[in-house]
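Heads up: the structure comes next, in structure tokens.
The values are calculated or read from the model by the stated rules, or taken from the named source; none is laboratory data. Small disclaimer: the values here were computed from a predicted structure and weren't measured. Here the Cβ is made from the backbone with ideal geometry for all residues, glycine too, and neighbour counts use every protein chain on show. Protein only, heavy atoms only, side chains kept; ligands, DNA and RNA dropped before computing areas. Shrake-Rupley method; radii C 1.70, N 1.55, O 1.52, S 1.80 Å.
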Amino acid sequence: MMVRPLFRESVRTSLTVLAVALGVAVVLAIDLAGNAAAGSFHSSMETLSGDNNLEITASGGIPENIVGTLASLPYPLRISPRVESFAVVADSKQTLPLIGVDVVAETHRRDAQFLQSVAGDAAGSFGCGGEASESDSSAANRSWEGGVACLTDPSSIWVGESLHRAAGSRVALLINDEVREYIVRGVYPDANGNESAVLMDIAAAQRALTRFGRVDRVLIKTPATPAMALEEWQQQLRAVLPPGVEVRPQGASTAENRQMLAAFRWNLRLLSYISLVVGAFLIYNTISVSVVRRRAEIGIVRALGASRGMILAAFLGEAASFGFAGALIGLPLGRVMAIGAVKLMAVTVQSLYVSSRPGAIELTGGSVFLALLIGVGVAVISAYSPAREASLVAPVQAMARGRREYEVRVHKSRDLLVAAMLAFCAAAASRAPAIAGKPFFGYLAAFLLIIASALAIPAFVAFVMRVSARWMGRGFGPEALLASRSLGASLRRTAVLVAALSTAIAMMVSVGIMVGSFRETVVAWMNEQLPADLYIRPAGEPGADRHPTISLDVADAIAKLPGVAAMDRLRAYEIEYNGRPVMLGAADISAHRANRRTNFFSERPVAEVLAELRNANNVVVSEPFTYKHHAATGDSITLALGESRARFRIVDVYYDYSSERGEILMDRDVLLRYLPDPAPSNLAVYVAPGVNPENVRGEILRAAAGHQLLIFSDREIRGEAVRIFDRTFAITYALEAVAVLVAVMGVAGALLALVIDRRRELGLLRFLGAAQRQIRKLILVEAALLGLLANLAGAILGYFLSLILIFVINKQSFGWTIRFHWPVGILLGALTFVYAATVLAGLYPASVAVRLNPIEVVHED
């Protein structure tokens, strides 16, 4: 009774199963892609850390004398200083971690652990001349010593095998703003999904990066004996270190990065559930149709002694079959979709958060279980209400075919009142604060609005159909009149269908408004924040945590050019504040910078705010910083800079959309007191009045000959920022497209179900003389009306959801203030596309209706 109809109506069954499969695939793809995209922050740097369990770090680097202090301690510690950055392979433009190690000290110690941490189980081949290592251990040791001797040469490097470079070959690397040629002295295996890294002697790395006298990290291996716990070792080491130098468990930065990405991944995961919500509506509608069409059969079976539990189990079993089949299809589909999702997510992670190489996409047993649980669970839960209704129907009432439709019409006013109450609760929830940095009440408000919309749909459909019935008949003929009355009569199925499609449309509209508003806000912000004529940075792929520097002599030469009226030198560091990564910036407090429009919360003139920064321990901070760290104007913050800890007063807060992690900005002269490295990360060049900026660009290129710099005009940098912005939100649009596709497929399946369920009605119309074109027009007008109703309801719901996304969820997740903006062109295009797709979805059901034999249909009963 349950299975045979599914096979008889193969198209409708396939559409329902595919809708579930797409929902499962999207959720699985985002889960797999999230694990992969967030799986390898600085993967080679962490992998090549070996078995060390502590690390010592400081903002701006650790002075070398501290390494000597650690080495002189009377403790059995293994100390490994590191210099870390990134290098770009000149010919392939591939960005790789650059790691400098103290190979002389490592060779002196002849520590096998170091060799294993770098080369795994095999020593690799790294002779000075590129000859292969011998297979026995003594030959490997001799090869290691020869390779290390070569690595102390400033032009020697050691690379992973995935770079596909042979020992003895030459590689040109862009480090900061200079390209130098290096000789590959050795190749090591970099398996297990880890990206290749460039290794060199620590002195050579300091020279290449112009970080003389400092290292970035010191890795510590404490004794394995249980005499002292790791926390006790941390206390012992802190006692001999300056206040600004921190001791923490090795890999703590990776944990911080994962925590920082939590809100991003959480929002994407919830966004992926939209397809499941739409699929749940469709399962509900499918089982409801099954219940309505089989009410007579239910009555007969119940009269013959079937229990209510058997009826409930039968319909839940039908839903579980849809869910199980959808999950089986969704597994491979989700794995394929994850490939594209990883690429899109990796772009966002690198642009806004941290450098990361996507890891492998692993379809584990847990992923399979998740897909089956989601597919079957959502199907069963969404089908429970109509299945329970079927089990509670008395045998006599089961013969009353229109009973449920009558109840829906009677209760629509009650449901409308409940919808109003839920909307009020949603408004109250939207005002609640975040919990643990996550906008749980914002999600609750959005969920309540969706439920309220679904409950209000019957009253909405009934009202629109009642008002439009007359003019529909006058304007589009009797077919339109019959179509509008038919949708009003089958209110239960129509309402569920409109609710499903309107939910998908609402999420599309809300996310479209949010992204469009964000984009417009960023464009307006950049127009206010780019006062200079030209901007210069080192060549190479940018990243949120990559701050390469420009040679000081090049910066001085550019500042002296006759066409340059003034130049701001900006320096950026990645530091830690309250256990989270933060960008620390410093800039020249120049008169040109002071002339731009105000961007501060206080709306004070820029010149007045910058005057407070000049030569004082004062800072301005970005809006995301204040939100994440609960700071405000007038508060004092303590920053670890170099070897010291210094207190700064926040004199104002500025709007910023360049970094989600938060920023701190101070006077460059003040920063140099604590971190005396004058090399700038970026240059802002102001062209003299009457001078062509393109001529100045040519002068800069000649002055920087031999250095790799990228020069942008203010217009070019705006265009690049918008391009990155659009690429960042590409995955959001993709998720919305899938949700809409699921809903349109549901419309096609539901229209087909309506045609099959109304076989007798349609056959009677044909029997009474209706032409095939009139039957086709009737079904297509119904599809058009469904699309119109869904677009109207979806647009209204989408507007209110966009307010929650912009002013609640976005604010509590990332700390950005977004100005509301209507992206009219995008919304009209998207709604038109959805409407056209809905009408086209009625073509196949219309063809089925046309092929019905009127005599057979009329005599069926």
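Computed values, structure above
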read-out	value
Residue identified as closer than 22 Å to Asn267 by Cα, modelled with pLDDT of 90 or more, of a type in the set (A, V, I, L, M, F, W, C) and outside any loop (DSSP other than H, G, I, E, B) among Leu417, Leu455, Leu422, Leu449	Leu449
Options Gly326, Gly299; residue that is among the small types (Gly, Ala, Ser), modelled with pLDDT under 80 and open to solvent by less than 30 Å² (accessible area, probe 1.4 Å)	Gly299
Residue match in region 340-359 (condition: closer than 19 Å to Leu18 by Cα and either in a helix (DSSP H, G or I) or of a type outside the set (S, T, N, Q) (or both))	no
Filter pass, Leu792 being at pLDDT 90 or above and more than 28 Å from Leu444 (Cβ to Cβ)	no
Close pairs (9 angstrom Cβ cut-off, 6 or more residues apart or separate chains): on the phi > 0 side of the Ramachandran plot in region 161-172, open to solvent by 40 Å² or more (accessible area, probe 1.4 Å) and in a loop (DSSP other than H, G, I, E, B) anywhere	Gly168/Cys128; Gly168/Gly129; Gly168/Glu131
Region 693-707, subset among the small types (Gly, Ala, Ser) and touching a residue at least 24 places away in the same chain (Cβ under 8 Å), residue farthest from Arg180 (Cα to Cα)	Ala703
Test set (1) open to solvent by less than 50 Å² (accessible area, probe 1.4 Å); (2) over 17 Å from Tyr535 (Cα atoms); (3) over 32 Å from the mean Cα position of the chain (by Cα) - Ile664 fails condition number	(3)
Residue match in region 554-565 (condition: part of a strand (DSSP E or B) and either crowded, with 21+ Cβ neighbours inside 10 Å or out of contact with any Gly (no Cβ under 7 Å at 6 or more places or on another chain) (or both))	yes
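Yes/no per residue for (1) of a type outside the set (A, V, I, L, M); (2) within 21 Å of Tyr573 (Cβ to Cβ):
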site: Arg604; (1), (2): yes, no
site: Glu608; (1), (2): yes, no
site: Ala611; (1), (2): no, no
site: Asn617; (1), (2): yes, yes
site: Val621; (1), (2): no, yes
site: Pro624; (1), (2): yes, yes
site: Ala632; (1), (2): no, no
site: Ser644; (1), (2): yes, yes
site: Phe648; (1), (2): yes, yes
